[in-house]
Amino acid sequence: MGICDAVAVAKILNATLVIPYLEVNPVWQDSSSFMDIYDVDHFINVLKDDVSIVKELPDEFSWSTREYYATAIRATRIKRAPVHASANWYLENVLPVLQSYGIAAISPFSHRLSFDNLPSEIQQLRCKVNFKALVFVPHIRALGDAIVHRLRYPPGETEALSSDYLRVTTDQNDKQRPQKFVVLHLRFDKDMAAHSACDFGGGKAEKLALAKYRQTIWGGRVLNSQFTDEELRSQGRCPLTPEEIGLLLAALGFDNSTRLYLASHKVYGGEARISTLRELFPLMENKKSLASSEERARIKGKASLLAAVDYYVGMHSDIFVSASPGNMHNALVGHRTFENMKTIRPNMALLGQLFLNKNITWLEFRQAVAEGHQNRQGQLKLRKPKQSIYTYPAPDCMCRA
């Protein structure tokens, strides 16, 4: 999303864009660069008629880098861009720096461009970047294609997993009828559990461990900490656990014949936390079960590349469902909307209230879930003011009039 906004700001300023530098996230600790994740030549080529883009900072501007200045203040850095700034803000505050020095570095740049009151050509350019220009590097796409193929055409019990995921499809697979599959984005990592400030049944030890983690990562400053667990759940502010998402899927009609691909990083609680979900859906797969260690060697330990593979598989599934809102959820929901693909968006507030009801029967739960998700299964939703164009691409990205 930040990359799309960077292209848009470059267009607003009529400036050349240097391929964005990606900060290392304190949670994921991944130093992957833009070129490690995205096909940079494709990116530049698709946008060549819209914005001039260069891969590296020209040598004549080396004096403007953070390395040159070390910790000193540099006049070319813009560090006070407001959240969701207008186009006029950039013209009034960044353009003069560009005109004076020939370069401007905007950092931080997360959520620094408004979603409203922008020219339609700028909005459409953001869509073009997001849905056309940004594609993953070839080895990510190849691994993703291999995983999708194995989900569509599961191997026989005696067939070993090949380490050559670029192999030609066999005659057997040509004759086999492709199977449908669901991608479940299980956003139940330690940081998500800690940031939510919800109670996940681990007792005092778990509460202390998550509180300590909150202090380490966010200095203890988590808004949800002021509410009780019951209040958070009734407001839909707790991420769904693997057990809860399993009950949701079962209530919606999925069963033990459903092929499920689990898109996740490190599930908080490990395999023990996933065991109930696996019992409900024995055909559940993930990157490790579908690709050999040799195939995964280039993405091992790199959170951005691991997420890229999951994103790619998520864009090729029949149905996508996310256990809780977040950047991955928002990006995939928007992208699948743009491509007119089915996505199930859990009604978090409803589910929170249902799970708090200890006396509800399975029949009552199933009926309430079905009714509460009738309008949350991929129906097109028009973007409202202040909502993200990347999550709600209609009408800006999809309507011609």
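Worth a mention:
- Of all residues assigned to segment 87-94, none qualifies as being touching a helix residue (DSSP H, G or I) at 6+ places or on another chain (Cβ under 9 Å), assigned to a loop (DSSP other than H, G, I, E, B) and of a type in the set (G, A, S).
- Leading residue by the ranking (least open to solvent (accessible area, probe 1.4 Å)) among those in segment 275-293 that are assigned to a helix (DSSP H, G or I) and not aliphatic (A, V, I, L, M): K287
- Segment 21-57 - residue that is of a type in the set (S, T, Y) and open to solvent by less than 70 Å² (accessible area, probe 1.4 Å) and, of those, nearest to A8 (Cα to Cα): S52
- Looking at F115, F109, F131, just one residue is of a type outside the set (D, E), over 30 Å from F61 (Cβ atoms) and not in a helix (DSSP H, G or I), and that residue is F115.
- Filtered residue count, segment 107-123, keeping only those that are at pLDDT 95 or above and hydroxyl-bearing (S, T, Y): 1
- Selected residue [surrounded by 15 or more Cβ atoms within 10 Å (Cβ to Cβ) and either within 19 Å of the chain's Cα centre (by Cα) or modelled with pLDDT of 95 or more (or both)] from A133, A197: A133
- Residue match in segment 62-83 (condition: closer than 22 Å to R126 by Cα and open to solvent by 40 Å² or more (accessible area, probe 1.4 Å)): yes
- Any hit, segment 151-162, residues being modelled with pLDDT of 55 or more, outside the structural domain of N286 (by the TED database) and assigned to a helix (DSSP H, G or I): yes
- Any hit, segment 233-251, residues being assigned to a loop (DSSP other than H, G, I, E, B), out of contact with any Pro (no Cβ under 6 Å at 6 or more places or on another chain) and acidic (D, E): no
- Subset tally (residues that are free of Cβ contacts under 8 Å to residues at least 40 places away in the same chain, out of contact with any strand residue (DSSP E or B) (no Cβ under 6 Å at 6 or more places or on another chain) and β-branched (V, I, T)) for segment 17-50: 3
- Single residue of A349, A368, A323 found to be closer than 25 Å to E231 by Cα, touching a strand residue (DSSP E or B) at 6+ places or on another chain (Cβ under 7 Å) and small (G, A, S): A323
- When segment 369-401 is filtered for residues that are among the hydrophobic types (A, V, I, L, M, F, W, C) and in contact (Cβ under 8 Å) with a residue 40 or more places away in the chain, the ones remaining, listed by number, are V369, A370, L380, I389, A394, C397, M398.
- Odd one out for R296 among (1) open to solvent by 10 Å² or more (accessible area, probe 1.4 Å); (2) closer than 23 Å to Y390 by Cα; (3) in contact (Cβ under 8 Å) with a residue 40 or more places away in the chain: (2)
- Number of the exception - D255 against (1) modelled with pLDDT under 90; (2) open to solvent by 60 Å² or more (accessible area, probe 1.4 Å); (3) more than 18 Å from the chain's Cα centre (by Cα): (1)
The values are calculated or read from the model by the stated rules, or taken from the named source; none is laboratory data. Predicted model only: the values in this text are computed from it and were never measured. Cβ coordinates were reconstructed from backbone atoms using ideal geometry, including for glycine residues, and neighbour counts include every protein chain displayed. Surface areas here come from the heavy atoms of the whole protein model, side chains and all, with no ligands, DNA or RNA. Shrake-Rupley method; radii C 1.70, N 1.55, O 1.52, S 1.80 Å.
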